[in-house]
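Novice: I have a structure I would like to understand better, so I am pasting it below and will then ask my questions one at a time.
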Amino acid sequence: MGELSYAIRSLGRTPAITLSAVVAIGLAMGANAAIFGLVDGLWFRPPGVRDSGSLTWVFSTTPTTATDIWSFPEYEQLRDRTTSFSGVVALGRRGATMETADGGAELLLVNVVSTNFFDVLGVMPAHGRLFTAGDDTLLEKEPGVVLGHAFWRRRFGGDASIVGKTVRIGRQEMVPVRVLGVLPERFRDMYAAADRDLWLPAQTWTRFASAEELRHRDQRWFEVVGRRRAGVGVKSADAEVSTLAGAMAREFPKENAGRSARAISDLAFRLEMGGPNALALLGLVLLVVAITCVNVANLLLARNAGRMRELGIRVAIGATRARLLRQLMIETLLLGALGAGAGVVIALWLVGLMPAVLVPPPGFPALQQFGVDERVLGFTLLVTMVTTVLFGAIPSWVAARTGLSRLLDRHADITAPDRLNEALRGGLVALQIAVSVVLVCAAGVLARSFQETRLSRPLCELH
């Protein structure tokens, strides 16, 4: 406690340098947290289901694409003929309208899924119940729908009494559909950045769309996800679905000729989706952090240069080099903690701006939901700890070394500039200029990449 109290008093004696360091660290950590939150929210965050590590995407492949989709009959063959999975589900993305209280219609995002979808993924309802594979016959008689949590709060004000009531959903014609339940807030979609308003079983979808969409093998609009059995690896699952795709091509040459299949883990698929854009964003923020390290290191070198007499006196009364180094590192860690706190505040502000920056598809509400959660805070804390050590270790070591060696030299002017200190400051300035040039060039390339990506494919496609 004594060293911490001394560190607080010491930082208070140089308020301008302390404030500059805290602001620099805060801006860098805030940008770091916000960018990581963006990357995590768009690509890396796993779906909110149990045992997500066993989830495996199964894609149809062609000579031109490695992530093609399936028809419902093809999904049924994958579900019934594979042994690598304990369950296989289908998910198709569509749009529909719901009748409003004033007789109008609101355009909504719909996921059409197989009835075993929630069972296989282990999703539990927040209210009511979810349809299951045993509901096939019942759903053919009475259509049902499950509401997404965000939509339920937005449209029905979080009123749980909507469960069991009837809403009118359709495309050309409105059909009465019973609300079965509401999804939990943690589960929004299989894609990290997406959210869906309505979840319909295939039997309900055919009430207001053509049944041919589910019957023909060439009507491909379903993604397929399987949960691997215990002890089954991705390679084994991949080999099995590839073999089955070959059998499909022989059995149905007209629809399946030239098509194969591949299995890829959920984590690998999310990393594949992020691709160079995610790495480039993280690279940019690390460059910003590097510049901040250099800035703060220069500030600390300048601050410590004016403390040579103080450090020398401490040596004279018995302080060892190790104790001086520890004291200086405590001051640096305190700066890092203050900067991290400021960074969280800045990150909350930046993250709040993201939904307004990321434009959703026309006619639909914003899909992306971002927040400073435990993953973002954990990553920020880790980066703060690492960078604090990086920008604080060298200035602290130089100050501790100089305080001792210059005091022992009776002929040295303890207030004169130290050559090692000056050389390090010059080197850090050169490094800062070099990193800044790289940052500017990288930012230009990334901006161009994002522009081309946005023109060619929206963040959340509607199949």
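The values are calculated or read from the model by the stated rules, or taken from the named source; none is laboratory data. This one's a predicted model, so the numbers in the text were calculated from it and none came from an experiment. Note that we place each Cβ from the backbone using ideal geometry, even for glycine, and neighbour counts take in every protein chain shown.
Novice: Of the conditions (1) assigned by TED's automatic domain parsing to the domain that holds ALA278; (2) in contact with an Asp or Glu (Cβ under 9 Å, 6 or more places away or on another chain), TRP70 satisfies every one except a single condition; which number is it?
Specialist: All conditions pass for TRP70, except number (1).
Novice: Given the criteria without any contact (Cβ under 8 Å) to a residue 40 or more places away in the chain and crowded, with 18+ Cβ neighbours inside 10 Å, does ARG79 qualify?
Specialist: Here the answer is yes, as ARG79 does meet what is asked.
Novice: For ALA230, only one of the following conditions fails: (1) surrounded by 21 or more Cβ atoms within 10 Å (Cβ to Cβ); (2) in a loop (DSSP other than H, G, I, E, B); (3) among the hydrophobic types (A, V, I, L, M, F, W, C). What is its number?
Specialist: So the condition that ALA230 fails would be (1).
Novice: Could I ask something else about it? Only residues that are within 27 Å of the chain's Cα centre (by Cα) and over 16 Å from LEU214 (Cα atoms): list them for the stretch 65-84, please.
Specialist: THR65, ALA66, THR67, ASP68
Residues are listed down the side, and each one gets a yes or a no for (1) outside any helix (DSSP H, G or I); (2) loosely packed, with under 14 Cβ neighbours inside 10 Å; (3) out of contact with any strand residue (DSSP E or B) (no Cβ under 6 Å at 6 or more places or on another chain); (4) of a type in the set (Gly, Ala, Ser):
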site	(1), (2), (3), (4)
SER5	no, yes, yes, yes
ILE17	no, no, yes, no
VAL22	no, no, yes, no
GLY26	no, no, yes, yes
MET29	no, no, yes, no
ILE35	no, no, yes, no
VAL39	no, no, yes, no
TRP43	no, no, yes, no
GLY48	yes, no, yes, yes
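Novice: Test each condition in (1) modelled with pLDDT of 80 or more; (2) closer than 18 Å to ILE330 by Cα for MET29 and report the one that comes out false.
Specialist: (2)
Novice: Taking the stated definitions as given, is THR61 assigned to a strand (DSSP E or B) and either at positive phi or buried (at least 20 other Cβ atoms within 10 Å of the Cβ) (or both)?
Specialist: no
Novice: Follow-up. When you go through (1) modelled with pLDDT of 95 or more; (2) more than 33 Å from the chain's Cα centre (by Cα) one by one for VAL232, which number turns out not to apply?
Specialist: (2) is the only condition that VAL232 fails.
Novice: I need the strands (runs of 3 or more DSSP E) fully contained in the stretch 99-209, keeping only those with at least 1 residues that are under 29 Å from the mean Cα position of the chain (by Cα) and surrounded by 18 or more Cβ atoms within 10 Å (Cβ to Cβ).
Specialist: 105-113, 144-147, 174-182, 198-201
Novice: Is it true that VAL234 is touching a strand residue (DSSP E or B) at 6+ places or on another chain (Cβ under 6 Å) and farther than 29 Å from GLY148 by Cα?
Specialist: Against the criterion (touching a strand residue (DSSP E or B) at 6+ places or on another chain (Cβ under 6 Å) and farther than 29 Å from GLY148 by Cα), VAL234 qualifies.
Novice: What do you reckon, is GLU240 acidic (Asp, Glu) and either farther than 17 Å from ALA66 by Cα or under 27 Å from the mean Cα position of the chain (by Cα) (or both)?
Specialist: no
Conditions tested, residue by residue: (1) at positive phi; (2) at pLDDT 95 or above; (3) not charged (D, E, K, R).
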site	(1), (2), (3)
GLU106	no, no, no
LEU109	no, no, yes
SER114	no, yes, yes
GLY128	yes, yes, yes
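Novice: Listed residues ILE313, ILE291; which is over 24 Å from VAL123 (Cβ atoms), assigned to a helix (DSSP H, G or I) and over 33 Å from the mean Cα position of the chain (by Cα)?
Specialist: ILE313
Novice: Do we have MET248 as surrounded by fewer than 19 Cβ atoms within 10 Å (Cβ to Cβ), assigned to a helix (DSSP H, G or I) and in contact (Cβ under 8 Å) with a residue 40 or more places away in the chain here?
Specialist: No.
Novice: Report every pair of residues separated by at least 6 positions or lying on different chains whose Cβ atoms are under 7 Å apart, first residue within the stretch 265-276 and part of a helix (DSSP H, G or I), second of a type in the set (Phe, Trp, Tyr).
Specialist: Within 7 Å, the pairs are ASP266/TRP57; PHE269/TRP57; ARG270/TRP43; ARG270/PHE44; MET273/TRP43; GLY274/TRP43; GLY274/PHE44.
Novice: Which count do you get for residues in the stretch 346-372 that are at pLDDT 70 or above and surrounded by 15 or more Cβ atoms within 10 Å (Cβ to Cβ)?
Specialist: 6
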